[in-house]
Amino acid sequence: MKSVQILGFLACAALAASAGDGGFTVRNVSAAQRWPWAQTVDIEFYLQAPESGTKATLGAQFRIDATVNGATKTLTGLNTTAVFGEGYHSVQWAPTVDFPNATLKGVSFNVVVTNAPCSCRYMTVDLDTGKIAYYVIGFSNQVNSATYKTRYMAFKYIPSTLSAEWQAISGKDSFTLGTGDESAYGQTASEKVREAAAEVRLTKGFWLAVFPATVGQLNRLGAGTDTNNVMSAGNWTYEALRGADTPGGPYCWPQATAVDSSKPLGRLRAKTGLAFDFPTEAQWEYAARAGTTTPYVCASDATSLRAMASLTTAVGTKPANPWGLYDMIGCRNQWTLTLGRSADNTLDSSFCLHAAGDDPAGQTPAYATPYRVTRGSHSGCGNSDSVMIRVTRSAYRYPQKSASPADAEKDNCGARFALTTNHP
């Protein structure tokens with residue numbers, strides 16, 4: 001007969017918030033064994049739902065890690081791995097499943113929320129304190145205000161292509177990155193090659209900033225003092241926002257995922273403890289299209305496209321796309337993580353073509369001055385109707401040097417930040 005006795009419990013713990021926990025947090029973890037009449041251990045913890053969430057219905061999956069004599073093991077002998085609703089929860093653990101015929105001298109438990117239904121569709125970050133709050137879809141009526149363009153940065157949850165939400169829209173578990181023949185909309189022969197379609201699955205959901213980063217937001221992340229400016233921030237290189245893009249260096253994506261702690265993205269990570277970054281090119285286009293498959297998302301002719309493009313008005317003054325994201329196209333060129341050229345030259349043959357498959361991260365640069373893909377066009381391209389029609393297509397992509405874009409382009413370069421999650 002299997003028998004396990006636990007001689008005392010150490011201080012129990014709860015893991016801090018993580019990117020995949022849907023905003024749930026855990027506190028007040030305790031445990032008690034029913035010894036000597038039973039071996040079952042009752043583990044109790046308090047589940048805190050996201051701020052502004054529907055606390056009666058939100059649920060979360062979790063795991064419990066037990067640490068004994070410095071060694072940690074994820075428990076399998078639990079009677080449940082999912083709980084619903086905010087409040088105290090008690091789960092039962094059969095220690096004979098994980099530690100048969102043992103006497104355990106002290107055990108600590110760590111409760112980790114691993115997956116939560118993303119009923120909260122908006123997230124905000126207080127750029128002064130790093131505090132994160134979550135909101136349901138009704139928050140869309142509040143998000144387009146100066147508050148969320150200055151002190152706070154607002155994010156919208158974008159479901160993965162594996163989610164029921166996406167599959168209800170598209171009827172498949174992938175999306176088409178790039179396009180086919182759009183020559184009728186000004187697409188050049190070389191663009192037709194480098195925009196060639198690829199079928200991509202994004203297996204993880206992600207949060208994407210509702211607006212391009214504003215002057216006020218970046219200044220709160222150490223870039224200056226004008227903290228109330230709601231214009232999109234321009235004149236930003238990839239390296240100035242993320243860190244030196246040196247092949248083999250500590251910040252060179254996808255070989256490394258770290259960012260420079262002295263840059264705005266590094267400061268955002270430090271304030272929140274979460275791995276914010278630029279989106280990949282596939283994430284950006286998937287979010288920008290928002291289920292649409294036409295050349296344009298919110299407009300279809302030169303007049304309306306020109307009305308969409310502006311660098312001189314506050315972000316959020318033009319219509320949002322179907323997923324509630326503003327100024328995806330026609331505001332600033334927005335940096336992505338994806339490498340744009342495989343060699344340091346301007347020949348079309350050096351373009352990195354779209355990669356198909358799951359979660360494409362792009363190539364690792366092997367030359368000294370990498371190009372990264374910018375997306376979204378910008379209003380400065382609209383010197384003529386023909387140019388405007390060509391560059392405001394959802395598939396349009398434009399690689400630029402991460403350290404030093406051309407002088408004519410640098411002022412039009414900005415960004416929006418993203419956070420990839422662990423759940424669909």
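The values are calculated or read from the model by the stated rules, or taken from the named source; none is laboratory data. None of the values given here were measured: they were computed from a predicted structure. Positions of Cβ are generated from backbone atoms using ideal geometry, with glycine treated the same way; all protein chains shown enter the neighbour counts. Remember, those area values only see protein heavy atoms, side chains included, never the ligands or the DNA or RNA. Shrake-Rupley method; radii C 1.70, N 1.55, O 1.52, S 1.80 Å.
Taking only the C-alpha atoms of the chain, Rg followed by Dmax gives 24.2, 83 Å.
Per residue, the solvent-accessible area of the range 124-193 (1.4 Å probe, heavy atoms of protein chains only, all protein chains present) comes to 43 Å². Along the Cα-to-Cβ line of D65, 7 Å from the Cα, sits a label point; which residues in the range 247-274 have backbone N less than 17 Å from it? 274, by backbone N distance to the label point. Ranked by solvent-accessible area (1.4 Å probe, protein heavy atoms only, all chains present), the residues E281, E44, E239 order from largest to smallest as E44, E239, E281. The alpha carbon centroids of the range 109-160 and the range 210-261 are separated by 20 Å. Rg/Rh, computed from the Cα trace of the range 177-244 with Rh as the Kirkwood radius, has the value 1.15. The stretch between T76 and A408, if pulled fully straight at 0.36 nm per residue, gains 113.6 nm over its current Cα-Cα span. Ligands, DNA and RNA left out, the 1.4 Å accessible surface of the chain is 52% carbon and sulfur atoms.
Take 325-333, 104-112 and order them by the average number of nearby Cβ atoms within 10 Å per residue, most first; the result is 325-333, 104-112.
When +1 charges are put on Lys and Arg Cβ atoms and -1 charges on Asp and Glu Cβ atoms, the dipole computed for the range 149-211 relative to its Cα centre reaches about 440 debye.
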